[in-house]
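**Student:** Quick one: the structure is below, and I'll ask about it shortly.
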Amino acid sequence: MADVVIRSLFKKYGNHRVIENLNLEIHDGEFVTLLGPSGCGKTTLLRMIAGLEPIDNGELFINGKLYNHIPPQKRSLAMVFQSYALFPHMTVRKNICFGMKIKKLSKSEMDRKFEWVINLLRLKELENRLPREISGGQRQRVALARSLVLDPEVLLLDEPLSNLDAALRETASEELKRIHRQLGKTIIYVTHNQVEAMTMSERIALFRFGRIEQYDKPRVLYDSPATVFSAEFIGSPKMNFYEGEIEIRNNVAGIKTDLAFLKLDKEREKTIFSMPGRKILAGIRPQTVYYTGHLLRRRYTDTEVEILAELVENMGDRSLVVGRTEAGTLIRFIITREEKIDQDKRMKIFIDGRRIHVFDPITQLNIFR
Amino acid sequence: MLWFTGIICALVIVIGPVYLLLKYSVSDINSINTGGNPVPMWPYNPTLQAYVYLFSDSHFYQVLLNSVVISLFTIALGMILGIPASYVLGRYKLPGRKVLLLMIISVRLFPDIASVIPVVEFFIKIGMHQTYLGVILAHTLLALPYIIFIGAGAFESIPDDLEGQAIILGANRFQTFFKLLFPLAMPGLAAAAIYTFLLSWDEFIFSYFLMLGKQEIYTLTLYLNGIKYAEPQNLLAAISVCLSIPVIAFSFMVQKYMVAGISAGSVK
Amino acid sequence: MKNRRICWEMIILSDFKRTLSIENVKQWFFKTWPIFPAMFYLMSFLVIVLFYLIGLSLNHPCSEINFPTFASFTELFKNEYFNSALINTTLFMILGTPLELITGLFLSFLIFRSFFMRGVIRSLFLIPLALPALVTAMLLFVLFDFPGGHINHIITGGYSWFPQVFDQPINWRGSKLFSMAIALFGKVWRDMPISMLILLAGINNIDPELFDAAKTMGASFRKRAVHVIMPLMIPSISVVLLLRSVEMWKEFIFPFVLAGRYHLLGTLIDFYYNEIGNSHMAATVSIIMVICIVFSTLILMKILELIQKLIVSR
Ligand SMILES: Nc1ncnc2c1ncn2[C@@H]1O[C@H](COP(=O)(O)OP(=O)(O)OP(=O)(O)O)[C@@H](O)[C@H]1O
Ligand SMILES: [Mg+2]
């Protein structure tokens with residue numbers, strides 16, 4: 001078990017800068033997710049931590065020791081590849097024992113660890129099959145088992161669930177969480193699936209173009225996104241964005257947008273009172289819009305908007321509504337299954353002012369962080 | 001319909017000669033020396049006497065052995081040189097490796113018949129003319145570009161992640177090679193070995209220039225060439241069949257690689 | 001911002017230093033050493049070949065004439081053996097290259113679309129390639145025997161199923177024209193599959209949707225073949241022509257077995273070296289063969305380029 005510290009890391013392929021001035025600190029035993037869109041350098045970072053790619057510039061510390069020039073064979077960490085990288089010509093047993101054989105463990109030790117891991121990951125009765133003879137979920141567990149038997153200090157997982165179907169993905173992610181709880185290893189987990197990231201990790205490092213946009217607990221990422229990109233990337237359906245500027249009406253400061261004059265909570269209102277005219281990008285999560293049909297205590301900070309429900313999309317336990325104001329501005333929001341809305345119906349909705357996110361359109365930063 | 005006729009014609013053109021070859025090899029002497037009558041399309045009395053004669057001739061055994069020994073050693077030497085080279089060319093994304101591979105394979109465009117005189121002269125100088133070793137070295141020279149080409153393809157087709165995983169699991173370069181890359185490249189390398197065998201087995205130009213006049217080390221092709229004016233035709237055909245059988249059998253085994261090689265080496 | 005620039009400068013500088021450092025060269029060598037034995041092997045033979053070819057051809061067996069001299073060349077150009085061999089080979093190449101293309105096109109058009117047993121038939125079409133060249137040559141040697149070979153019996157009406165064309169058997173191998181023709185036939189027969197495979201690969205690279213598009217426009221199969229496939233196959237046809245023309249210049253085995261008395265450049269080398277024992281002349285012919293190949297390839301490439309331009313501009 002170990003902590004991982006990365007200081008101003010750089011990496012480029014040819015002239016293409018893949019990782020740029022990256023800083024990251026991971027505590028001992030922590031489950032950290034690297035989240036980001038495809039091609040933003042997540043795999044590259046993992047490969048650098050594993051030692052498969054040389055580090056152009058910057059420092060990598062594990063347990064306080066500089067790891068830049070330690071060959072991958074000697075870094076006691078394990079990696080599960082996106083493709084699982086099971087050796088196709090070896091049985092499950094041989095795959096799992098490969099690393100132990102290389103390390104020249106004794107026969108009894110090897111057997112003991114093997115038994116332990118196939119119990120842990122429920123791989124009994126598969127040991128003599130070849131990788132192509134087992135299912136995707138089983139392959140993923142074999143790949144994990146192969147890494148765990150070596151008792152690594154850090155476990156690197158590169159989108160281990162991306163090749164599984166939805167149902168299997170859920171069980172597998174629960175499995176992973178269970179293993180993390182049981183073994184308490186430091187885990188660096190890569191995914192571009194935000195739901196996985198939100199549910200599994202203790203902290204999320206949100207990547208964009210080889211840089212970390214925000215690094216915090218899932219809750220914090222959701223509740224107070226540091227940048228427009230964070231706000232956009234996290235949460236589903238996507239956040240609504242409106243350009244506007246701060247205005248004072250009836251002695252109350254708010255944000256004038258195409259949608260409406262948006263009110264904020266008391267505390268923030270006080271702050272923006274001093275900056276009338278400032279350009280603003282306001283973000284509204286679909287989940288923070290309420291509908292009158294639902295019995296609700298109205299708050300002072302709620303903004304009322306009248307819309308026409310143009311489209312109602314059923315998503316099972318809830319529905320996504322696309323509404324249009326008279327002026328033609330669109331807003332997407334979520335209603336529960338009890339609240340029924342008919343298409344093409346005029347209605348009033350309320351936007352929760354406490355949960356409007358306010359960004360500076362130029363720096364793209366959250367004003368209130 | 002036109003198409004069907006075309007197929008039949010093509011099959012006749014392609015298979016006809018093979019049929020005639022087999023027919024000659026089982027012909028009795030009366031079906032060859034017909035005294036002016038047309039040679040029959042199927043022998044009057046099919047017989048295996050040509051083969052019986054062949055396999056009772058100790059010189060033929062010697063020749064067969066020579067062919068086998070020379071091709072086996074060619075395979076060995078070719079593989080020893082070729083596998084490491086194809087490993088590097090297939091596994092490392094070195095700059096210019098595509099160009100290097102292309103250069104290596106286009107060495108084979110240089111005419112054998114033009115490079116044979118220098119090689120023979122050089123071998124005479126260092127005393128390797130008319131020796132097994134000389135022929136083996138020459139055949140290796142011819143086979144090596146193909147081995148490297150096919151082998152590099154085999155190594156290249158192994159996913160990078162597998163190698164990365166082996167390294168992370170603690171394997172050093174040799175362990176990675178022997179436990180992972182080599183077994184996985186095996187089918188391609190086997191094809192390269194078979195290809196080498198074929199090349200050495202029916203190679204003529206270098207064998208001819210390097211061995212001419214030294215009957216003890218003749219290979220099958222040279223033996224066949226040497227007796228073309230002297231022997232009855234059924235014996236010629238029988239030797240031809242013996243020469244061809246392994247070639248045809250192995251060719252069909254490595255067909256996939258041959259096809260890929262011919263198409264890849266050309267369409268680029 | 002400024003900080004960042006300094007950082008980048010540092011990286012570029014250190015990159016540069018790393019490329020040149022001994023450490024880097026060492027690392028590079030550590031990675032690539034397994035390639036060196038094979039490279040050394042190929043390179044040393046290359047050096048030997050070039051060294052001897054040049055050394056031998058710029059010498060002359062007469063002891064009075066010293067290196068370097070073009071005496072071998074001048075003598076060769078006066079030699080009627082050589083001149084006829086050069087002409088023969090040129091004709092061999094000019095006739096044989098298109099023939100190889102035509103046979104290849106014939107076979108590939110027969111089997112490019114899928115049908116029952118296509119795989120088997122394609123494998124059968126590879127037989128000529130699988131048969132050793134020497135065996136094919138030997139077979140033709142037997143078939144075209146004089147006076148009693150199969151072919152002679154056929155054309156003199158020996159079989160009921162074939163009309164009598166000649167009343168006398170032909171001494172195939174005794175005639176320059178016929179022996180060359182047989183050699184050419186053998187060569188083309190053996191190489192059919194190679195041209196076929198290259199052309200098939202070319203066809204397979206064509207987007208199948210193009211065929212469908214042509215089909216929906218109502219073009220008949222043959223028109224489709226000519227208007228859609230042909231222009232797109234120009235690259236693979238060019239490859240066939242280039243590779244095959246080189247092969248034609250190099251040809252040795254078929255003329256060696258079937259046209260022993262009448263020389264091509266390849267068999268002339270054998271003649272000079274093994275029968276006359278004049279290695280200088282043999283090396284000179286070798287060099288001239290290489291030069292011929294280079295020139296004919298360059299010319300052919302120019303021609304193909306022109307043809308391509310013509311087709312595109314149309
Ligand atoms: N070996 C390489 N050579 C050149 N460029 C590379 C190489 N490997 C990756 N890249 C580039 O680096 C960038 C980051 O790649 P990386 O594989 O790290 O992305 P990723 O975040 O893992 O994406 P994904 O979610 O799709 O797996 C990509 O733009 C990719 O094209
Ligand atoms: Mg990735």
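The values are calculated or read from the model by the stated rules, or taken from the named source; none is laboratory data. Note that this is a predicted model, so its numbers are computed, not measured. Positions of Cβ are generated from backbone atoms using ideal geometry, with glycine treated the same way; all protein chains shown enter the neighbour counts.
**Student:** Can you tell me which residue among C:124, C:101, C:139, C:129 is among the aliphatic types (A, V, I, L, M), at the interface with chain B (Cβ under 10 Å from one of its Cβ atoms) and either outside any helix (DSSP H, G or I) or in contact with a Lys or Arg (Cβ under 9 Å, 6 or more places away or on another chain) (or both)? Talk me through it step by step, then tell me what you get.
**Tutor:** On the way: C:124 fails: either outside any helix (DSSP H, G or I) or in contact with a Lys or Arg (Cβ under 9 Å, 6 or more places away or on another chain) (or both); C:101 fails: at the interface with chain B (Cβ under 10 Å from one of its Cβ atoms); C:139 fails: either outside any helix (DSSP H, G or I) or in contact with a Lys or Arg (Cβ under 9 Å, 6 or more places away or on another chain) (or both).
Every option except C:129 fails the conditions.
**Student:** What number of residues in region B:102-125 are surrounded by 21 or more Cβ atoms within 10 Å (Cβ to Cβ) and either closer than 29 Å to residue B:185 by Cα or not assigned by TED's automatic domain parsing to the domain that holds residue B:177 (or both)?
**Tutor:** Residues in region B:102-125 being surrounded by 21 or more Cβ atoms within 10 Å (Cβ to Cβ) and either closer than 29 Å to residue B:185 by Cα or not assigned by TED's automatic domain parsing to the domain that holds residue B:177 (or both): 1 in total.
**Student:** In region A:2-19, which residue that is away from ligand 2 (no atom under 16 Å from the Cβ) and over 30 Å from residue A:182 (Cβ atoms) is surrounded by the most Cβ atoms within 10 Å (Cβ to Cβ)? Write out each step before concluding.
**Tutor:** Taking region A:2-19 and keeping what is away from ligand 2 (no atom under 16 Å from the Cβ), we get A:2-10, A:12, A:14-15, A:17.
Of the ones still in play, those that are also over 30 Å from residue A:182 (Cβ atoms) are A:7-10, A:12, A:14-15, A:17.
On the way: A:7: 14, A:8: 12, A:9: 22, A:10: 19, A:12: 17, A:14: 6, A:15: 5, A:17: 18.
This residue is A:9.
**Student:** Continuing with the same structure: Residue check, residue A:169 against (1) over 19 Å from the mean Cα position of the chain (by Cα); (2) over 19 Å from residue A:27 (Cα atoms), all met but one. Which one?
**Tutor:** (1)
**Student:** I'd like to know if region A:140-161 contains one or more residues that are within 16 Å of ligand 2 (Cβ to nearest atom) and more than 14 Å from chain B (Cβ to nearest Cβ).
**Tutor:** Our first condition is that a residue be within 16 Å of ligand 2 (Cβ to nearest atom); within region A:140-161, this holds for A:140, A:143, A:156-161.
In the following step, the residues that additionally are more than 14 Å from chain B (Cβ to nearest Cβ) were identified as A:161.
Within region A:140-161, one or more residues are within 16 Å of ligand 2 (Cβ to nearest atom) and more than 14 Å from chain B (Cβ to nearest Cβ).
**Student:** Moving to a separate point now. Take region A:44-78 and flag every residue that is more than 16 Å from ligand 1 (Cβ to nearest atom), in contact with a helix residue (DSSP H, G or I) (Cβ under 9 Å, 6 or more places away or on another chain) and among the charged types (D, E, K, R).
**Tutor:** A:75
**Student:** Now, a different point. Could you list all residues from region B:1-37 that are at the interface with chain C (Cβ under 8 Å from one of its Cβ atoms), at pLDDT below 85 and closer than 20 Å to residue C:107 by Cβ?
**Tutor:** Listed by number, the list holds a single entry, B:3.
**Student:** Can you list the helices (runs of 4 or more DSSP H) found entirely within region B:38-128 that contain at least 3 residues being free of Cβ contacts under 8 Å to residues at least 24 places away in the same chain and more than 9 Å from chain C (Cβ to nearest Cβ)? Show your work before the answer.
**Tutor:** Values: elements: B:49-55, B:58-91, B:97-106, B:112-125.
The helices (runs of 4 or more DSSP H) meeting that bar are B:58-91, B:97-106.
**Student:** Would you be able to tell me the number of residues in region A:52-66 that are more than 8 Å from chain B (Cβ to nearest Cβ) and under 23 Å from residue B:162 (Cα atoms)?
**Tutor:** Of all residues in region A:52-66, those more than 8 Å from chain B (Cβ to nearest Cβ) come to A:53-66.
Subset that is under 23 Å from residue B:162 (Cα atoms): A:53-55.
The number of residues fulfilling the criteria is 3.
**Student:** Further, regarding this structure: Say we look at region A:296-346 and pick out the residues that are touching a His at 6+ places or on another chain (Cβ under 9 Å) and part of a strand (DSSP E or B); which of these is modelled with the lowest pLDDT? Quick ask: steps written out before the conclusion?
**Tutor:** So in region A:296-346, the residues touching a His at 6+ places or on another chain (Cβ under 9 Å) come out as A:335-336, A:338-339.
Right, trim to part of a strand (DSSP E or B) and you get A:335-336.
Details: A:335: 86, A:336: 83.
Looking at the filtered set, the residue picked out is A:336.
**Student:** Let me ask you something else. If you go through region A:265-279 one residue at a time, do you hit one that is within 31 Å of the chain's Cα centre (by Cα) and of a type in the set (Gly, Ala, Ser)?
**Tutor:** Within region A:265-279, none of the residues are within 31 Å of the chain's Cα centre (by Cα) and of a type in the set (Gly, Ala, Ser).
**Student:** Are there any pairs with C-beta distances below 7 angstrom linking a residue in region A:10-29 that is on the phi > 0 side of the Ramachandran plot to a residue that is among the small types (Gly, Ala, Ser), with the two at least 6 apart or on different chains, and if so which?
**Tutor:** A:21/A:8; A:29/A:184
**Student:** Please tell me if residue B:250 is aromatic (Phe, Trp, Tyr) and under 26 Å from residue B:121 (Cα atoms).
**Tutor:** Numbers: aromatic (Phe, Trp, Tyr): yes; under 26 Å from residue B:121 (Cα atoms): no.
Criteria not met by residue B:250.
**Student:** A follow-up question, please. Do we find that residue C:26 is more than 30 Å from residue B:108 (Cβ to Cβ) and modelled with pLDDT of 85 or more in this structure? Before you say what the answer is, go through the steps one by one.
**Tutor:** Details: more than 30 Å from residue B:108 (Cβ to Cβ): yes; modelled with pLDDT of 85 or more: no.
Criteria not met by residue C:26.
**Student:** Evaluate the following for residue B:245: is it free of Cβ contacts under 8 Å to residues at least 12 places away in the same chain, in a helix (DSSP H, G or I) and more than 8 Å from chain C (Cβ to nearest Cβ)?
**Tutor:** Working: free of Cβ contacts under 8 Å to residues at least 12 places away in the same chain: yes; in a helix (DSSP H, G or I): yes; more than 8 Å from chain C (Cβ to nearest Cβ): yes.
Yes; evaluated as a whole, the condition is true for this residue.
**Student:** Go through (1) within 11 Å of chain B (Cβ to nearest Cβ); (2) closer than 24 Å to residue C:134 by Cβ; (3) touching a helix residue (DSSP H, G or I) at 6+ places or on another chain (Cβ under 7 Å) one by one and return the number of the condition residue C:152 breaks.
**Tutor:** For residue C:152, the failing item is (3).
**Student:** I would also like to ask the following. With the structure loaded, tell me whether residue A:104 is crowded, with 17+ Cβ neighbours inside 10 Å, more than 9 Å from every other protein chain (Cβ to nearest Cβ) and among the charged types (D, E, K, R) or whether it fails that test. Even if it seems obvious, please write down each step before you answer.
**Tutor:** Numbers: crowded, with 17+ Cβ neighbours inside 10 Å: no; more than 9 Å from every other protein chain (Cβ to nearest Cβ): yes; among the charged types (D, E, K, R): yes.
For residue A:104, the condition - crowded, with 17+ Cβ neighbours inside 10 Å, more than 9 Å from every other protein chain (Cβ to nearest Cβ) and among the charged types (D, E, K, R) - is not met.
**Student:** Report, by residue number, each residue of region A:165-195 that is modelled with pLDDT under 90 and within 16 Å of ligand 2 (Cβ to nearest atom).
**Tutor:** A:192, A:193, A:194
**Student:** With the condition kept exactly as written, say whether any residue in region A:93-106 is within 12 Å of ligand 1 (Cβ to nearest atom) and in contact with a Gly (Cβ under 7 Å, 6 or more places away or on another chain).
**Tutor:** As a first pass, look at region A:93-106 and keep what is within 12 Å of ligand 1 (Cβ to nearest atom): none.
So far as region A:93-106 goes, no, none of its residues is within 12 Å of ligand 1 (Cβ to nearest atom) and in contact with a Gly (Cβ under 7 Å, 6 or more places away or on another chain).
To keep it simple, each residue is scored yes or no on (1) at the interface with chain B (Cβ under 8 Å from one of its Cβ atoms); (2) crowded, with 17+ Cβ neighbours inside 10 Å; (3) under 30 Å from residue B:80 (Cα atoms).
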residue: C:21; (1), (2), (3): no, no, no
residue: C:35; (1), (2), (3): yes, yes, yes
residue: C:40; (1), (2), (3): no, no, yes
residue: C:46; (1), (2), (3): yes, no, yes
residue: C:51; (1), (2), (3): yes, no, yes
residue: C:55; (1), (2), (3): no, no, no
residue: C:60; (1), (2), (3): no, yes, no
residue: C:68; (1), (2), (3): no, no, no
residue: C:71; (1), (2), (3): no, yes, no
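**Student:** Still on this structure: Here are some residues: A:182, A:194. Which one is within 25 Å of residue A:76 (Cβ to Cβ) and away from chain B (no Cβ under 14 Å)?
**Tutor:** Numbers: A:194 fails: within 25 Å of residue A:76 (Cβ to Cβ).
After applying the criteria, what remains is A:182.
**Student:** Taking residue A:33 as the residue in question, decide whether it is of a type in the set (Val, Ile, Thr), crowded, with 22+ Cβ neighbours inside 10 Å and under 22 Å from residue A:215 (Cβ atoms). Don't jump to the end; show me each part of the working.
**Tutor:** Working: of a type in the set (Val, Ile, Thr): yes; crowded, with 22+ Cβ neighbours inside 10 Å: yes; under 22 Å from residue A:215 (Cβ atoms): yes.
Spelling it out, residue A:33 is indeed of a type in the set (Val, Ile, Thr), crowded, with 22+ Cβ neighbours inside 10 Å and under 22 Å from residue A:215 (Cβ atoms).
**Student:** Could you check region A:17-43 and list, in sequence order, the residues that are of a type in the set (Val, Ile, Thr), out of contact with any Lys or Arg (no Cβ under 7 Å at 6 or more places or on another chain) and within 11 Å of ligand 1 (Cβ to nearest atom)? Step through it out loud before you land on a result.
**Tutor:** Residues of region A:17-43 of a type in the set (Val, Ile, Thr): A:18-19, A:26, A:32-33, A:43.
Remaining after also requiring out of contact with any Lys or Arg (no Cβ under 7 Å at 6 or more places or on another chain): A:26, A:33, A:43.
The one that is of a type in the set (Val, Ile, Thr), out of contact with any Lys or Arg (no Cβ under 7 Å at 6 or more places or on another chain) and within 11 Å of ligand 1 (Cβ to nearest atom): A:43.
**Student:** Could you figure out which of (1) at pLDDT 90 or above; (2) within 16 Å of ligand 1 (Cβ to nearest atom); (3) surrounded by fewer than 18 Cβ atoms within 10 Å (Cβ to Cβ) isn't true of residue A:81?
**Tutor:** Tallying (1) at pLDDT 90 or above; (2) within 16 Å of ligand 1 (Cβ to nearest atom); (3) surrounded by fewer than 18 Cβ atoms within 10 Å (Cβ to Cβ), residue A:81 fails exactly one: (3).
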